[in-house]
Amino acid sequence: MTDSTDASMEPAQLIAELQRLRIEHKDISDAVMALEAIGQADQLQIRRFKRRKLMLKDMIQRLEDQITPDIIA
(Lines give C-alpha, C1' and ligand atoms only; values in the text may rest on other atoms or scores of the structure.)
Protein backbone atom coordinates (compact mmCIF):
# COMPACT_ATOMS: atom_id res chain seq x y z
CA MET A 1 0.00 0.00 0.00
CA THR A 2 1.30 3.43 -0.85
CA ASP A 3 1.54 6.25 1.64
CA SER A 4 -1.53 8.31 0.84
CA THR A 5 -0.13 11.37 2.60
CA ASP A 6 2.82 11.70 0.23
CA ALA A 7 3.66 15.41 -0.09
CA SER A 8 4.44 14.95 -3.80
CA MET A 9 0.85 14.10 -4.67
CA GLU A 10 -1.12 16.66 -6.67
CA PRO A 11 -4.28 18.13 -5.10
CA ALA A 12 -6.48 16.18 -7.53
CA GLN A 13 -4.70 12.95 -6.54
CA LEU A 14 -5.18 13.75 -2.86
CA ILE A 15 -8.89 14.36 -3.39
CA ALA A 16 -9.25 11.13 -5.37
CA GLU A 17 -7.45 9.18 -2.65
CA LEU A 18 -9.62 10.82 0.00
CA GLN A 19 -12.75 9.77 -1.87
CA ARG A 20 -11.46 6.20 -2.24
CA LEU A 21 -10.71 5.99 1.49
CA ARG A 22 -14.15 7.33 2.40
CA ILE A 23 -15.82 4.72 0.19
CA GLU A 24 -13.74 1.92 1.74
CA HIS A 25 -14.57 3.24 5.24
CA LYS A 26 -18.30 3.21 4.42
CA ASP A 27 -18.09 -0.27 2.90
CA ILE A 28 -16.40 -1.63 6.01
CA SER A 29 -18.95 0.08 8.23
CA ASP A 30 -21.75 -1.56 6.25
CA ALA A 31 -20.02 -4.94 6.48
CA VAL A 32 -19.63 -4.65 10.26
CA MET A 33 -23.30 -3.73 10.66
CA ALA A 34 -24.32 -6.70 8.53
CA LEU A 35 -22.10 -9.11 10.46
CA GLU A 36 -23.37 -7.82 13.80
CA ALA A 37 -26.97 -8.21 12.60
CA ILE A 38 -26.37 -11.92 11.94
CA GLY A 39 -25.87 -12.52 15.64
CA GLN A 40 -23.39 -15.39 15.44
CA ALA A 41 -20.83 -13.47 13.44
CA ASP A 42 -17.10 -14.09 13.69
CA GLN A 43 -16.00 -11.66 16.41
CA LEU A 44 -12.38 -11.80 15.26
CA GLN A 45 -13.39 -10.72 11.76
CA ILE A 46 -15.49 -7.88 13.19
CA ARG A 47 -12.53 -6.68 15.29
CA ARG A 48 -10.29 -6.74 12.22
CA PHE A 49 -12.82 -4.72 10.26
CA LYS A 50 -13.14 -2.20 13.07
CA ARG A 51 -9.35 -1.87 13.35
CA ARG A 52 -9.12 -1.27 9.59
CA LYS A 53 -11.94 1.26 9.82
CA LEU A 54 -10.07 3.21 12.53
CA MET A 55 -6.91 3.18 10.45
CA LEU A 56 -8.87 4.50 7.46
CA LYS A 57 -10.38 7.23 9.63
CA ASP A 58 -6.87 8.36 10.64
CA MET A 59 -5.73 8.34 7.01
CA ILE A 60 -8.80 10.34 5.98
CA GLN A 61 -8.10 12.91 8.70
CA ARG A 62 -4.46 13.29 7.60
CA LEU A 63 -5.50 13.80 3.99
CA GLU A 64 -8.17 16.32 4.96
CA ASP A 65 -5.58 18.22 7.00
CA GLN A 66 -3.19 18.16 4.07
CA ILE A 67 -5.83 19.40 1.60
CA THR A 68 -7.26 22.09 3.86
CA PRO A 69 -4.55 24.52 5.00
CA ASP A 70 -4.57 25.84 8.55
CA ILE A 71 -6.15 29.26 8.86
CA ILE A 72 -4.65 31.43 11.54
CA ALA A 73 -7.28 33.73 13.01
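Against the definition (out of contact with any Lys or Arg (no Cβ under 6 Å at 6 or more places or on another chain) and surrounded by 12 or more Cβ atoms within 10 Å (Cβ to Cβ)), how does I28 come out, yes or no?
no
With respect to E36, is the statement that it is of a type in the set (D, E), more than 13 Å from the chain's Cα centre (by Cα) and assigned to a helix (DSSP H, G or I) true?
yes
Residue by residue through segment 50-70, note down the ones that are hydrophobic (A, V, I, L, M, F, W, C) and surrounded by 15 or more Cβ atoms within 10 Å (Cβ to Cβ).
If the condition is that a residue be hydrophobic (A, V, I, L, M, F, W, C) and surrounded by 15 or more Cβ atoms within 10 Å (Cβ to Cβ), then L56, M59, I60, L63 are the ones that fit.
Could you list all residues from segment 39-73 that are over 30 Å from P11 (Cβ atoms) and either of a type in the set (F, W, Y) or assigned to a helix (DSSP H, G or I) (or both)?
Q43, L44, Q45, I46, R47, R48, F49, K50
Among the residues of segment 1-46, what is the count of those that are of a type in the set (D, E, K, R) and at pLDDT 95 or above?
Number satisfying all stated conditions: 7.
The values are calculated or read from the model by the stated rules, or taken from the named source; none is laboratory data. Bear in mind that the values here come from a model prediction, so they are computed numbers and not experimental data. In this analysis, Cβ positions are derived from the backbone assuming ideal geometry, glycine residues included, and neighbour counts consider all displayed protein chains.
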